[in-house]
Amino acid sequence: GEIWLEGHAQATLEDDGGVLWLGFLQDITQRKALEADMAESEQHFRNLADNGDVLIWTSETNKLCNYFNKPWLEFTGRQLEQELGNGWAEGVHPEDFERCLQTYVEHFERREPFRMDYRMRHASGQYRWITNMGTPRYDSHGNFLGYIGHCFDITERIQAEEQIRKLSLAIEQSPESIVITDLNSRIEYVNEAFVRRHFNGENPIGKK
């Protein structure tokens, strides 16, 4: 069969003016096979990453990002070259930037998983909320390789929570008595107006 060889040689000048080459050959067939397997695994990972909905990134040991998948680039509307290194941070909302950077750096230096929510500029020009979960990654020998992150668009959830907060505030500040019960008519919540009227001797739910 065929094998891969790696050659090394060095020229030495002889006394008679001739040149003597000293070298050796090393069988690197196994290394080539491992490199091929790694390349296939890398391609498999990229195929999976590019065909899902999750925004994925990876970084090296120097904290600089070296990969963003297709959904990330579609979300930001930018080219891979623009996002590499620290380029991705250009899309972070100015009000979230310092907190985002501090969380990333502190956890990276301790090599701890992290999760943070912040606003990222969307391809539409609007800022959308994402949750970013970073995890340290290691090779088979336990050597630290950097981080891999998974991000999800949580804008709708944040907006729903804000609507619930506003509704709760409106109920609490309403001058009308409001009572919330479960299916068995057990009271689960009453607002401040109910409490005031109750202690004033009024019956806000009607007379029996």
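The values are calculated or read from the model by the stated rules, or taken from the named source; none is laboratory data. These numbers come from a predicted model, not from an experiment. Here the Cβ positions follow ideal geometry from the backbone for every residue, glycine too, while neighbour counts run over all protein chains shown. Ligands, DNA and RNA are excluded from the accessible area calculation, which covers all protein heavy atoms including side chains. Shrake-Rupley method; radii C 1.70, N 1.55, O 1.52, S 1.80 Å.
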* To do: Test each condition in (1) among the aliphatic types (A, V, I, L, M); (2) open to solvent by 100 Å² or more (accessible area, probe 1.4 Å); (3) in a strand (DSSP E or B) for Met133 and report the one that comes out false.
  => (2)
* To do: Return the residue satisfying two criteria in turn: it lies in the range 1-30 and is of a type in the set (D, E, K, R) and either in contact with a Leu (Cβ under 9 Å, 6 or more places away or on another chain) or assigned to a strand (DSSP E or B) (or both), and of such residues it is least open to solvent (accessible area, probe 1.4 Å).
  => Glu6
* What are the residues in the range 90-106 that are among the hydrophobic types (A, V, I, L, M, F, W, C) and open to solvent by less than 20 Å² (accessible area, probe 1.4 Å), if any? -> Val92, Cys100
* Asked: With respect to the numbered conditions (1) of a type in the set (Val, Ile, Thr); (2) more than 28 Å from Leu34 (Cβ to Cβ); (3) within 12 Å of the chain's Cα centre (by Cα), which one is the sole condition not fulfilled by Val105?
  -> (3)
* Those residues that are in a helix (DSSP H, G or I), farther than 14 Å from Ser124 by Cβ and open to solvent by 20 Å² or more (accessible area, probe 1.4 Å), I need them from the range 71-88; list them, please. => Leu73, Leu80, Glu81, Gln82, Trp88
* To do: Consider Ser185 carefully, then state whether it is modelled with pLDDT under 95, within 33 Å of the chain's Cα centre (by Cα) and part of a loop (DSSP other than H, G, I, E, B).
  => no
* **Residue match in the range 112-127 (condition: in contact with a strand residue (DSSP E or B) (Cβ under 6 Å, 6 or more places away or on another chain), within 24 Å of Ala160 (Cβ to Cβ), assigned to a helix (DSSP H, G or I) and of a type outside the set (D, E, K, R))** => no
* Which one is surrounded by the most Cβ atoms within 10 Å (Cβ to Cβ) among residues in the range 136-170 that are part of a strand (DSSP E or B) and more than 12 Å from the chain's Cα centre (by Cα)? -> Gly146
* Would you confirm whether any residue within the range 36-49 is touching a helix residue (DSSP H, G or I) at 6+ places or on another chain (Cβ under 8 Å) and at pLDDT below 85? => yes
